[in-house]
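One structure is given below, encoded as structure tokens.
The values are calculated or read from the model by the stated rules, or taken from the named source; none is laboratory data. These numbers come from a predicted model, not from an experiment. Note that each Cβ is placed from the backbone with ideal geometry, even for glycine, and that neighbours are counted across all protein chains shown.
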Amino acid sequence: MDPLSSATRRAIEVYPHPATVALFRLPRALKYKAKPGRSVDLLKSELLRLMDGVEGLAQAGVRMQVAGQPDWVSLRRQVTVAQRKSDLRAAEDPIDAVVCAYVALYAQRRPADVTIYGDFTTGYIVTPSLPTDFRTAPDAGRRARARR
């Protein structure tokens, strides 16, 4: 998988968290993945924020329309009524897949506006580029773990 390939059929590696930080100009990655200490309410609100962002791509420079699509409506309903982490976990992968597909479209239409971290030989990810003046919020949890 070469991100710079000009082949008709190609693939790229995308990680949803850095992509959403860049796409939606977020100060930090959304915390929608189930981990110890994260409540269902937090996971649900973060996943709904992600879905709102994806729906907002209908007005982006590279447009994608998901609102009103039957599968997307079903996913949103599933997240909205979720009562357990497992209910939310079932929606994560399809939503992440939509984000990844959008980044592939974005990379195709605006190749000058993506960043490739890594290389073909050792592995890489592709993500929309952050503006040069954009700063993400420091991850307090990561800093605390690094001090240990």
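Residues of the range 82-115 being loosely packed, with under 15 Cβ neighbours inside 10 Å, over 18 Å from Tyr15 (Cβ atoms) and touching a helix residue (DSSP H, G or I) at 6+ places or on another chain (Cβ under 8 Å), which ones?
Of everything in the range 82-115, those that are loosely packed, with under 15 Cβ neighbours inside 10 Å, over 18 Å from Tyr15 (Cβ atoms) and touching a helix residue (DSSP H, G or I) at 6+ places or on another chain (Cβ under 8 Å) turn out to be Gln83, Arg84, Ala90.
In the range 67-85, what count of residues is obtained for those that are without any contact (Cβ under 8 Å) to a residue 12 or more places away in the chain and part of a helix (DSSP H, G or I)? Quick ask: steps written out before the conclusion?
Quick first cut of the range 67-85, residues without any contact (Cβ under 8 Å) to a residue 12 or more places away in the chain only: 68-70, 73-74, 77, 81.
Checking which are part of a helix (DSSP H, G or I) leaves us with 70, 73-74, 77, 81.
Matching residues across the range 67-85 total 5.
Within the group Leu30, Leu43, Leu57, Leu48, which residue is touching a Leu at 6+ places or on another chain (Cβ under 6 Å), modelled with pLDDT of 95 or more and assigned to a helix (DSSP H, G or I)? Give the derivation first.
Details: Leu30 fails: assigned to a helix (DSSP H, G or I); Leu57 fails: touching a Leu at 6+ places or on another chain (Cβ under 6 Å); Leu48 fails: touching a Leu at 6+ places or on another chain (Cβ under 6 Å).
Only one candidate qualifies: Leu43.
Using the structure shown, decide if Asp41 is of a type outside the set (Lys, Arg) and closer than 16 Å to Pro16 by Cβ.
Numbers: of a type outside the set (Lys, Arg): yes; closer than 16 Å to Pro16 by Cβ: no.
When the stated conditions are applied, Asp41 does not pass them.
Exactly one condition in (1) closer than 25 Å to Ala137 by Cα; (2) in a helix (DSSP H, G or I) is false for Arg38; which is it?
(2)
Which one is nearest to Pro138 (Cα to Cα) among residues in the range 18-27 that are assigned to a helix (DSSP H, G or I) and of a type outside the set (A, V, I, L, M)?
Within the range 18-27, the subset assigned to a helix (DSSP H, G or I) is 18-24.
Applying the additional criterion that residues be of a type outside the set (A, V, I, L, M) yields 18, 20, 24.
Details: Pro18: 14, Thr20: 16, Phe24: 17 Å.
Going through the qualifying residues, I end up with Pro18.
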